[in-house]
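Participant: Below is one structure. I have some questions about it.
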Amino acid sequence: MVSAKLYDGRLAVDIAGLKMQTPVTTASGTFGFGLEFTDFLDLEKVGAVCVKGTTLLPREGNKGQRAVETPSGMLNCVGLENPGSDYFLNETLPKLHKYDVPVIVNIAASSPEEYGELAHKLDVDGVDAVEINISCPNVKQGGIAFGTCPDSAAAVVEQVKNILPNCYYQTSPNVTSITEMALAVENAGTDAISLINTLIGMKIDIERQRPVLGNITGGLSGPAVRPVAVRMCYEVAQKVHVPIIGMGGIETAKDAVEFFLCGASAIAVGTANFRNPCIAETISHGILDYMNRHGYNKLTDMIGAALPEGSFALRSDRKE
């Protein structure tokens, strides 16, 4: 855990027992395993490092073009390319141990049982929490994505929570009711909710008259999705009693503050890392400037300030 108290502890947050010196984390899939960024950013100056999606066995990912820029964002269909859990545990995690920063492992699988098996492997020192990635199809349910079915999502959470003491659920925005999904995984035992994952989109090459991405569709991220993410955070924060990690198009401290005011206890920076690998630290400084201007002594004092009075679930019974 982080021992040094940056910012005199004013930005410190506790996400279901995971203590972070700053509320700014890195979104999975946009920060590699963290080690790739050490030439640009001191990892000990972020709240936590969330590594890219990790699966039980190595994955090659999707074929064809995997990413394309769009107005105010990007589409990607990487397909969870990663070297697998054994490589992460034997090669990557020991290197991350050199840094005094919490490590969150984003995990993906194709059945609740496989999620459980992966959780067993990651039940080791140095893995401070796991974030359940629901972008893979649920093979046992005929291709239905875990993230669009409350019962399937709850089943995955129960499998992981039975093994690991600290698990977060990453919600998909591609659902009819985000609050229904959030309540389902909260009831299943998730310790926190990360929202949102990417929206489904696509781009056509009008000269070739074909989809640009090899996978046809991809996940839309970047500033274009931020209003959707803020709205969903606003809605979910009024219903659940577990901490929220807000994400989706955050590029500046002002963006981050929107999420805090809507009830998020921490935020994750994603696509912005590609353009500015130091952005996580920059945002932390900006949050502190905002707090100084508005008279907040601690970050926790402003969480949920924009929600209707009496509606915020951050009460004495909230799991923090």
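Participant: Once Lys and Arg get +1 and Asp and Glu get -1 on their Cβ, which of V212, L57, S85 lies farthest toward the positive end of the dipole of the chain?
Facilitator: V212
Participant: Where does region 106-234 land on the Kirkwood hydrodynamic radius, alpha-carbon pairs, in angstrom?
Facilitator: For region 106-234, the Kirkwood estimate is 15.5 Å.
Participant: Short version: ³J(HN,Hα) in whole Hz for each residue of region 206-214, in order, from phi by Karplus 6.51 cos²θ - 1.76 cosθ + 1.60 (θ = phi - 60°), x for Gly and Pro, what are they?
Facilitator: In residue order, the calculated couplings are 6, 7, 7, 6, 9, x, 6, 7, x Hz.
Participant: Here's something else I'd like to know. Using +1 at the C-beta of Lys and Arg and -1 at the C-beta of Asp and Glu, which of N174, A48, G73 has the Cα lying farthest in the positive direction of the dipole of the chain?
Facilitator: It is G73, whose Cα lies furthest towards the positive end.
Participant: Any chance you could run the full-extension gain for F274 through S110? It's 0.36 nm times the residue separation minus the Cα-Cα distance, nm to one decimal. Intermediate results must be reported in sequence, preceding the final value.
Facilitator: On the way: separation 164, 0.36 × 164 = 59.04 nm, distance 2.85 nm.
Contour length minus the Cα-Cα distance gives 56.2 nm.
Participant: Moving on. Can you classify the chain as rounded, prolate or oblate using the Cα gyration tensor, where a ≥ b ≥ c are the square roots of its eigenvalues, rounded means a/c under 1.5, and otherwise it's prolate if a/b beats b/c and oblate if not?
Facilitator: rounded
Participant: Using θ = phi - 60° and the Karplus relation 6.51 cos²θ - 1.76 cosθ + 1.60, list the HN-Hα couplings for region 99-108 in order, rounded to whole Hz, with x at every Gly or Pro.
Facilitator: 10, 8, 8, x, 10, 10, 9, 7, 10, 9
Participant: Suppose the chain between T252 and K121 were pulled fully straight at 0.36 nm per residue; how much longer would it get relative to their current alpha carbon spacing? Before the final figure, lay out the partial values.
Facilitator: Numbers: separation 131, 0.36 × 131 = 47.16 nm, distance 3.61 nm.
Working it through step by step, the gained length comes to 43.5 nm.
Participant: Can you compute the charge dipole magnitude of the chain about its Cα centre, using +1 on each Lys and Arg Cβ and -1 on each Asp and Glu Cβ, nothing else charged? Give it in debye, rounded to the nearest 20.
Facilitator: 540 debye
Participant: Let me ask something additional. Which of the trypsin sites (Lys or Arg not before Pro) found in region 15-63 are in a DSSP loop and have at most 11 neighbouring Cβ atoms, other than their own, within 10 Å?
Facilitator: Numbers: sites: K19, K45, K52, R59, K63; in loops: K63.
Passing sites in region 15-63 are K63.
Participant: Next question, about the same structure. Can you compute the modelled spin-label distance between D14 and D301, with each label point 7 Å from Cα toward Cβ, in nm?
Facilitator: Label-label distance for D14 and D301, simple model: 1.9 nm.
Participant: Need one word for region 98-138: rounded, prolate or oblate. Basis is the Cα gyration tensor (sqrt eigenvalues a ≥ b ≥ c); a/c below 1.5 gives rounded, then a/b vs b/c decides.
Facilitator: oblate
Participant: K19: which aspartates and glutamates have alpha carbons under 15 Å from its alpha carbon, excluding same-chain residues fewer than 8 sequence positions away?
Facilitator: D8, E44, D100, D128, D191, E320
Participant: With θ set to phi - 60°, apply the Karplus curve 6.51 cos²θ - 1.76 cosθ + 1.60 along region 110-117 and write out the HN-Hα couplings as whole Hz, x wherever there is a Gly or Pro.
Facilitator: Listing the rounded values in order: 10, 7, x, 5, 5, 4, x, 4 Hz.
Participant: Roughly how many nanometres apart are two label points built 7 Å out from the Cα toward the Cβ at E207 and T70?
Facilitator: 2.2 nm
Participant: Right, something else. So how much slack lies between K95 and Y7, counting 0.36 nm per residue of separation and subtracting their Cα-Cα distance, in nm? List each step's numbers first, then the result.
Facilitator: Values: separation 88, 0.36 × 88 = 31.68 nm, distance 2.62 nm.
My answer for the length gained is 29.1 nm.
Participant: How far is it, in nm, from the label point at D42 to the one at R231 when both lie 7 Å from their Cα along the line to the Cβ?
Facilitator: 4.1 nm
Participant: May I ask you to list the trypsin sites (Lys or Arg not before Pro) in region 195-232 that are in a DSSP loop and have at most 12 other Cβ atoms within 10 Å of their Cβ?
Facilitator: R208
Participant: Under a point-charge model restricted to the Cβ atoms of Lys and Arg (+1) and Asp and Glu (-1), what is the dipole moment magnitude of region 200-311 relative to its Cα centre, in debye to the nearest 20?
Facilitator: On the way: 10 positive and 10 negative charges, 53 e Å.
That gives a dipole near 260 debye.
Read-outs throughout are calculated quantities, based only on the coordinates presented, and are distinct from any laboratory measurement. Note that this is a predicted model, so its numbers are computed, not measured. Cβ sites come from the backbone with ideal geometry, for glycine too, and all protein chains shown count toward neighbours.
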